[in-house]
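Down below is the structure, laid out as structure tokens.
The values are calculated or read from the model by the stated rules, or taken from the named source; none is laboratory data. Note that this is a predicted model, so its numbers are computed, not measured. A quick note on method: Cβ atoms are made from the backbone with ideal geometry, for glycine too, and the neighbour counts reach across all protein chains shown.
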Amino acid sequence: MPPILLSLLGSKYFWGALVVALVLGKVWFWHHGVVVRAVDAEHQRMVKQIDAANERQREAVADWVLEMHRRVDAARETARQELAAQQADTEARIRKVRDYVTAQADRNCIVTRGFVLEREAAAAGTALPPAAGADVDAPSGVALSDVSANDVYNAGQFRQCVKRLKDFKDAWQREADAWNRFAADPVNAQ
């Protein structure tokens, strides 16, 4: 063994420094292990907390979507029933036309060709011919009761369109309001 190494091993300061270094190393490794375990435990706690919050968020979104579908389905069924009732009302009114526009009214009233041309153009949204012509006063062969039945039918169709438009507007507003509440606070929006 070299003499320098022997002199070093024989020094009480060397052995004291070595013991201090070993004790400090042991304390450092122990402290490092405690810190690492504490950091890992905090990380796991935060991951669980975030996962729980994400799960609540997913459940809130799923609940909101299911509730939206329930509201839309209920509104659609209500609208279908109301439109069916309105259609039945229109059909009943058409059947009653003959009670109010009798066969005598049909005989006494001439529905002219000009009247029929004008109504068809108005219904189709097309222009009338620039010159009406001499035959506009000729009988069209359409009975007044048929004109009345057509008016009743058109009025029924108009009421249905207005109802559908109003239902759509109401449903759109209802769902927009629900979405705004949900977007502001997804977990507590219900």
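Kindly establish whether Val23 is at pLDDT 90 or above, among the hydrophobic types (A, V, I, L, M, F, W, C) and in a helix (DSSP H, G or I). Yes, satisfied.
Scanning for something touching a Pro at 6+ places or on another chain (Cβ under 7 Å) and either hydrophobic (A, V, I, L, M, F, W, C) or closer than 30 Å to Glu55 by Cα (or both), does segment 169-187 turn up at least one residue?
Just the residues of segment 169-187 that are touching a Pro at 6+ places or on another chain (Cβ under 7 Å), to begin with: none.
No: segment 169-187 contains no residue that is touching a Pro at 6+ places or on another chain (Cβ under 7 Å) and either hydrophobic (A, V, I, L, M, F, W, C) or closer than 30 Å to Glu55 by Cα (or both).
Rundown of residues vs (1) within 30 Å of Thr78 (Cα to Cα); (2) touching a Ser or Thr at 6+ places or on another chain (Cβ under 7 Å), yes/no style:
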| position | (1), (2) |
| --- | --- |
| Thr112 | no, yes |
| Gly125 | no, no |
| Leu128 | no, no |
| Ala138 | no, yes |
| Val142 | no, no |
| Val147 | no, no |
| Ala178 | yes, no |
| Phe182 | yes, no |
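Kindly provide the set of residues from segment 104-127 that are surrounded by 10 or more Cβ atoms within 10 Å (Cβ to Cβ) and among the β-branched types (Val, Ile, Thr), ordered by number.
Going residue by residue through segment 104-127, those that are surrounded by 10 or more Cβ atoms within 10 Å (Cβ to Cβ) are 105-107, 109-123.
Ile110, Val111, Thr112, Val116, listed by residue number.
Restricting to segment 103-118, name every residue that is out of contact with any strand residue (DSSP E or B) (no Cβ under 8 Å at 6 or more places or on another chain) and more than 13 Å from Ala149 (Cβ to Cβ). Answer for segment 103-118, where residues must be out of contact with any strand residue (DSSP E or B) (no Cβ under 8 Å at 6 or more places or on another chain) and more than 13 Å from Ala149 (Cβ to Cβ): Ala103, Gln104, Arg107, Asn108, Cys109, Gly114, Phe115, Val116, Leu117, Glu118.
Would you say Asp185 is within 30 Å of Glu59 (Cβ to Cβ), of a type in the set (Asp, Glu), surrounded by 10 or more Cβ atoms within 10 Å (Cβ to Cβ) and modelled with pLDDT under 85? Answer is yes for this residue.
Just to check your reading of the model, which residue among Val101, Val34 is surrounded by 11 or more Cβ atoms within 10 Å (Cβ to Cβ) and aliphatic (A, V, I, L, M)?
The unique qualifying residue is Val101.
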